[in-house]
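What follows is a single structure, written as structure tokens, with notes after it.
The values are calculated or read from the model by the stated rules, or taken from the named source; none is laboratory data. Please read all numbers here as calculations on a predicted model, not as lab measurements. Because the Cβ atoms are built from the backbone with ideal geometry, glycine has one as well, and the counts that use them run over all protein chains shown. Only protein heavy atoms, including side chains, enter the accessible area calculation; ligands, DNA and RNA are left aside. Shrake-Rupley method; radii C 1.70, N 1.55, O 1.52, S 1.80 Å.
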Amino acid sequence: MGQFYSSPETSLQLRDHQQWPPGSQVGALSSSPLVLPSMDEGLLNFVDFTFPLPDECLASIFRFLNSGDRKSCSLVCKRWFQVEGESRHRLSLNAQDEILPFLPSLFARFDSVKKLSLRCNRKISRINDDALILVSIRCRSLTRIKLSGRFQLTDMGIATFASNCKTLKKFSCSSCALGANSINALLKNSSTLEELSLKGLRGVIAGTEPIVPGVAAASLKSILLKDLVDGLSLTPLIMGSKNLKALKIIRCQGNWDELFQFFGHGNAMASLIEVHIERIQVSDCGVSAISNCLNLEILHLIKVWDCSNFGLASIAEHCKRLRKLHIDGWRINRIGDEGLIAIAKQCLDLQELVLIGVNPTCLSLSLLASNCVNLERLALCGSRVGDEEIACIAAKCKSLKKLCIKGCPISNIGIESLAWGCPNLAKIKVKKCRGVTGEIKEWLVEKRTSLSVNWDVEEIDHLDASSSDAGSGQEVAVPETRLVETGGEAPVVGDRWLTILKTTLSGLSGRSLMACTFGRWPNSPNGSSSRSV
């Protein structure tokens, strides 16, 4: 990086060359072009070429580096160490007990941090109120903080932290023991808070104090609730946030129809633009109540078992400004052509459509292509979409720029139709489609040289649109099946359970259960096991 060690013999000569141009101050910028002075080759190896640069320029260079490179640069010299610490705005710490004695010196160096992440393992950490208050005192410009782990925090500590951080805009906590009183203390002292994310809080349970927005009622714009036992206790918080733009509820227990019914009372949620609901108990009545948000532009319906074409039609009828629609029907066939046709007729500004476990036909796809002239991004995953539907997309989707096809029974014939259609197509992704071969990729690239092609047709696995972390291995229990009277055809109860069973056992495809079982049996009378079959 231009830094070399100097020897005592050349320190005087090096000092003369470093103060350059002669007579100028260190770090001053000159209007004339920078020209290296003449020096022999031996002296050139000891020159610090970054010495004339102001600290601001050096800090701007550090911003282009990742965290590891910044750490390496901080070890070059004292100046780089100081500039790197003063210019670092994002810091992530593994908040183990051993870090406690070093917190004062650590935040004395990184006093300009704006985004801070504190993580610890599942064991109880000794990070307490004193450590969190120290952060709020040292990092006056802190705007975002994320707490993940079992910290020993009290309501008083949270309140003091919030009152010290006058510019706090985002607060996120995961797997913490914070309760309703702590959340209320935060909201009572955070007048600039815009984003609130609560995940897996064990202290938010039924019977506790209701959570209200406090002074954050006017500034709060985004709320994320995930894996909460009693998420409905935050109903006063949601309804009291008058300028709320985004609401995301993921894997929270309770009947959420009760919350969404409030959306129809006057202009309660008139400012809401984005709604994301995933694996929660919501029926068509709740989805229809969401349609009272007339300014809704982004909607995610992920594995909402009781939602059908009737609820989707209500969304289409009232939410005319819908731009992005993501649906994961989980292959239970409650959402199909009827709901998609309603979207095509009413939501003319649709730009992005993602269908997972939904089976559209040429009828709904042709209407979507004809009416939604701004449709630029389309994804079809785990659907019974064949070559005929792909040909329909190629012929009628004139504005389509990005197309994703995953786990669909298409063949090379369907891909060939894309070579002549979709004139604005810039990127295509084909994954886990058994009938598509690698030869058609080379042919497609040859026909459309400007097309970016992402190809993977070998692996077949279960497709999932949920926002849960990959590899977590956690599944949410399926709620009790019941029949709901809707405008569309209600699925048979037995078929739904059969579909869920097939989905659960899909990961066992291609494995030999006989070999796995017999490989563990002993082959001799004394019980000693031999090698697997």
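Within region 245-256, restricting attention to residues that are open to solvent by less than 20 Å² (accessible area, probe 1.4 Å) and either modelled with pLDDT under 95 or in contact with a Phe, Trp or Tyr (Cβ under 6 Å, 6 or more places away or on another chain) (or both), which residue is farthest from SER174 (Cα to Cα)? In this case the residue turns out to be TRP256. For beta carbons closer than 7 Å, sequence separation of 6+ or different chains, a first residue in region 412-432 that is open to solvent by less than 60 Å² (accessible area, probe 1.4 Å) and a second that is hydroxyl-bearing (Ser, Thr, Tyr) and assigned to a loop (DSSP other than H, G, I, E, B), the qualifying pairs are ASN412/THR437.
Taking region 233-244 as the range and being buried (at least 22 other Cβ atoms within 10 Å of the Cβ) and not small (Gly, Ala, Ser) as the test, the residues that pass are LEU234, LEU237, ILE238, LEU244. Selection of region 154-177 for residues being at pLDDT 85 or above and among the hydrophobic types (A, V, I, L, M, F, W, C) yields MET156, ILE158, ALA159, PHE161, ALA162, CYS165, LEU168, PHE171, CYS173. Would a scan of region 76-91 turn up a residue that is under 29 Å from the mean Cα position of the chain (by Cα) and under 26 Å from ALA177 (Cα atoms)? So far as region 76-91 goes, yes, one or more of its residues are under 29 Å from the mean Cα position of the chain (by Cα) and under 26 Å from ALA177 (Cα atoms).
Please state which of the following conditions PRO213 fails to meet, knowing it meets all the rest: (1) assigned by the TED database to the domain that holds PHE151; (2) under 23 Å from LYS146 (Cα atoms); (3) in contact with a strand residue (DSSP E or B) (Cβ under 7 Å, 6 or more places away or on another chain). Of everything listed in (1) assigned by the TED database to the domain that holds PHE151; (2) under 23 Å from LYS146 (Cα atoms); (3) in contact with a strand residue (DSSP E or B) (Cβ under 7 Å, 6 or more places away or on another chain), PRO213 misses just condition (3). Candidates ARG321, ARG334: the one that is of a type outside the set (A, V, I, L, M), over 25 Å from the mean Cα position of the chain (by Cα) and assigned to a loop (DSSP other than H, G, I, E, B) is ARG334. Among the residues of region 188-198, is any open to solvent by less than 50 Å² (accessible area, probe 1.4 Å), at pLDDT below 90 and more than 16 Å from ILE249 (Cα to Cα)? No: region 188-198 contains no residue that is open to solvent by less than 50 Å² (accessible area, probe 1.4 Å), at pLDDT below 90 and more than 16 Å from ILE249 (Cα to Cα). Just wondering, is there one or more residues in region 388-396 that are in contact with a Leu (Cβ under 8 Å, 6 or more places away or on another chain), part of a helix (DSSP H, G or I) and open to solvent by 40 Å² or more (accessible area, probe 1.4 Å)? Yes, there is a match, as at least one residue in region 388-396 is in contact with a Leu (Cβ under 8 Å, 6 or more places away or on another chain), part of a helix (DSSP H, G or I) and open to solvent by 40 Å² or more (accessible area, probe 1.4 Å).
From the residues in region 359-387 that are among the β-branched types (Val, Ile, Thr) and under 23 Å from VAL304 (Cβ atoms), which one is least open to solvent (accessible area, probe 1.4 Å)? Reasoning before the result, please.
Initially, region 359-387 is screened for residues among the β-branched types (Val, Ile, Thr), giving 361, 373, 385.
Okay, now just the ones that are also under 23 Å from VAL304 (Cβ atoms), so 361, 385.
On the way: THR361: 53, VAL385: 0 Å².
Across region 359-387, the extreme among qualifying residues is VAL385.
Per-residue answers, yes or no, for (1) assigned to a strand (DSSP E or B); (2) of a type outside the set (Val, Ile, Thr):
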| position | (1), (2) |
| --- | --- |
| LEU147 | yes, yes |
| SER163 | no, yes |
| ASN181 | no, yes |
| VAL212 | no, no |
| LEU220 | no, yes |
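GLY311 meets all of the listed conditions (1) surrounded by fewer than 24 Cβ atoms within 10 Å (Cβ to Cβ); (2) assigned to a helix (DSSP H, G or I) but one, namely (1). Out of all the residues in region 350-371, is one or more in contact with a Pro (Cβ under 9 Å, 6 or more places away or on another chain) and not polar (S, T, N, Q)? Scanning region 350-371, I find at least one residue that is in contact with a Pro (Cβ under 9 Å, 6 or more places away or on another chain) and not polar (S, T, N, Q), so the answer is yes. Only residues that are assigned to a loop (DSSP other than H, G, I, E, B) and open to solvent by less than 10 Å² (accessible area, probe 1.4 Å) were counted in region 270-290, giving 3. Considering only residues in region 50-93 that are more than 16 Å from ALA108 (Cα to Cα) and of a type in the set (Asp, Glu), the one that is surrounded by the most Cβ atoms within 10 Å (Cβ to Cβ) turns out to be ASP55. For region 114-145, how many residues meet the condition of being more than 19 Å from ALA185 (Cβ to Cβ), open to solvent by 40 Å² or more (accessible area, probe 1.4 Å) and assigned to a strand (DSSP E or B)? Looking only at that region, the number is 2.
Starting from residues that are among the polar types (S, T, N, Q) and touching a strand residue (DSSP E or B) at 6+ places or on another chain (Cβ under 6 Å), keep the ones in region 146-168 and report whichever is most open to solvent (accessible area, probe 1.4 Å).
GLN152
Does GLY414 satisfy the condition of being of a type outside the set (A, V, I, L, M, F, W, C), in a loop (DSSP other than H, G, I, E, B) and over 24 Å from ARG321 (Cα atoms)? Answer is no for this residue. Screening region 257-269 for residues that are more than 26 Å from ILE332 (Cα to Cα) and surrounded by 22 or more Cβ atoms within 10 Å (Cβ to Cβ) and picking the one that is farthest from the chain's Cα centre (by Cα) gives PHE263. From the list PHE102, PHE110, PHE161, the one residue that fits, being over 30 Å from TRP80 (Cα atoms) and aromatic (Phe, Trp, Tyr), is PHE161.
Do we have any residue at all in region 237-251 that's without any contact (Cβ under 8 Å) to a residue 24 or more places away in the chain, within 25 Å of the chain's Cα centre (by Cα) and assigned by the TED database to the domain that holds LEU168? Steps first, answer last, please.
Going through region 237-251, the residues without any contact (Cβ under 8 Å) to a residue 24 or more places away in the chain turn out to be 238.
Filter once more, so that each one left must be within 25 Å of the chain's Cα centre (by Cα): 238.
Subset that is assigned by the TED database to the domain that holds LEU168: 238.
Yes: region 237-251 contains one or more residues that are without any contact (Cβ under 8 Å) to a residue 24 or more places away in the chain, within 25 Å of the chain's Cα centre (by Cα) and assigned by the TED database to the domain that holds LEU168.
Checking the stated criteria, LYS320 turns out not to satisfy the condition of being in contact (Cβ under 8 Å) with a residue 24 or more places away in the chain, closer than 15 Å to ILE250 by Cα and either of a type in the set (Lys, Arg) or open to solvent by less than 20 Å² (accessible area, probe 1.4 Å) (or both).
Name every residue in region 342-358 that is crowded, with 20+ Cβ neighbours inside 10 Å and either in contact with a helix residue (DSSP H, G or I) (Cβ under 6 Å, 6 or more places away or on another chain) or assigned to a loop (DSSP other than H, G, I, E, B) (or both), in order of residue number.
First pass over region 342-358, keeping only residues crowded, with 20+ Cβ neighbours inside 10 Å: 342-344, 347, 350, 353, 355-358.
Hits for region 342-358 are ALA342, ILE343, ALA344, CYS347, LEU350, GLY357, VAL358.
Residues that are among the hydroxyl-bearing types (Ser, Thr, Tyr) and under 22 Å from SER163 (Cβ atoms) within region 205-221 comprise just one, SER219.
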